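What follows is a short report on a single structure.
Throughout, read-outs are computed from the coordinates displayed, never taken from laboratory work. Keep in mind that what you see is a predicted model, and the values were worked out from it rather than measured. Glycine also receives a Cβ, built like all others from the backbone with ideal geometry; neighbour counts cover every protein chain displayed.
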Amino acid sequence: MAKKTLYVKDSDLPIWDLAQAEFGESISTLFADFLRERVKTMNAFVNVSRSGPSSQDLVVMFAPEGPTGSGGAVRTQYVREPLLVNFLELSGVKRGVADKIAAELRGTLSVSERTTMHKISDDSKTVPQRVAAFLKSTAPGAFCDECIAAQLDLKRHQQAQQATSGLAVSSEFTRRPGRCTSCQKTVLVTSMRTQVGNRSIDRYWLELIAPTQGQHEYRCVATNADDGSTAESHLNIRQANELLTNLYGGEQRIVGDLMFRASMFGSVELSTWRTRDRLMVDSPDLLQFGFNRDELRPWRDGKRR
């Protein structure tokens, strides 16, 4: 074992002895822990893996190593691929390394990188401040309380729930039923209010109307949550299935049930699977399903000005 000599002032000896008696550890161990906390960087092994061959759901593992990281727990996090670079930066990975990992991952299922990370200290921030910073760094992602708690290492998801409920009343954030960017479950999620120009993006709830006799297309009616205006898209059965698959994260049991209910009852209002709240969709997300941009706010109102 290597030896180092540390000189202590006579006036500091009482606190030295008191510390050793209280913590029951060797002074060298206590001093090493102190230095480890004060050093602003740490060596770590970063591994990013896909959950499946073509999936954008990623598993990110941080394993501290060496003198600056010894004793640290391995952390496993979950993130969607479009948010990977921002997430790695938020976790302390340098931008150049984060870009390198993201680029290499495009051609493989797993990437590992040994790097030096900045230690992220949130001791001076409240939980709402930490949650707000996380949502801003991962925008336009929307996250459920459980995933926010996991990403920020909060002890209880209720801490995240209290924070997101408070943020939702501000002009910067919104909280509504939707699909979580991380776990892909359709639950209550929180995100930054995205804007087009100087206008907040509108949200719509959807109704899927089955074809009547002699018709072959489904109608999807989107109703604006603010002013009640509607827009409509016409879909064949494959497109209707793709819409539901996209909104419900590939849960084919849910997709099949909704298609069956639409056929049996003529129409079905799309809702979150657990709470049965209306499933809210951002206006830009509707464009991929054949909705006319000029029928949706804010583009519709923008043309009138």
Report summary line: Fewest-first ordering of Ser233, Ser54, Ser137 by Cβ atoms within 10 Å yields Ser54, Ser137, Ser233
Report task. Note down the nm distance, to one decimal, between modelled labels 7 Å out along Cα→Cβ at Ser229 and at Arg261. Result -> 2.9 nm
Query - Taking His216, His157 and counting other C-beta atoms within 10 Å, the order from fewest to most - result: His216, His157
**Report entry** Across Lys125/Lys155; Lys100/Lys136; Lys155/Lys185; Lys100/Lys155; Lys3/Lys94; Lys136/Lys185, pairs whose alpha-carbon gap is larger than 26 Å
**Finding:** Lys100/Lys155; Lys3/Lys94
Report task. Among Thr245, Thr5, Thr186, rank each residue by its count of other Cβ atoms within 10 Å, from fewest to most, as a rough exposure measure. Result -> Thr5, Thr245, Thr186
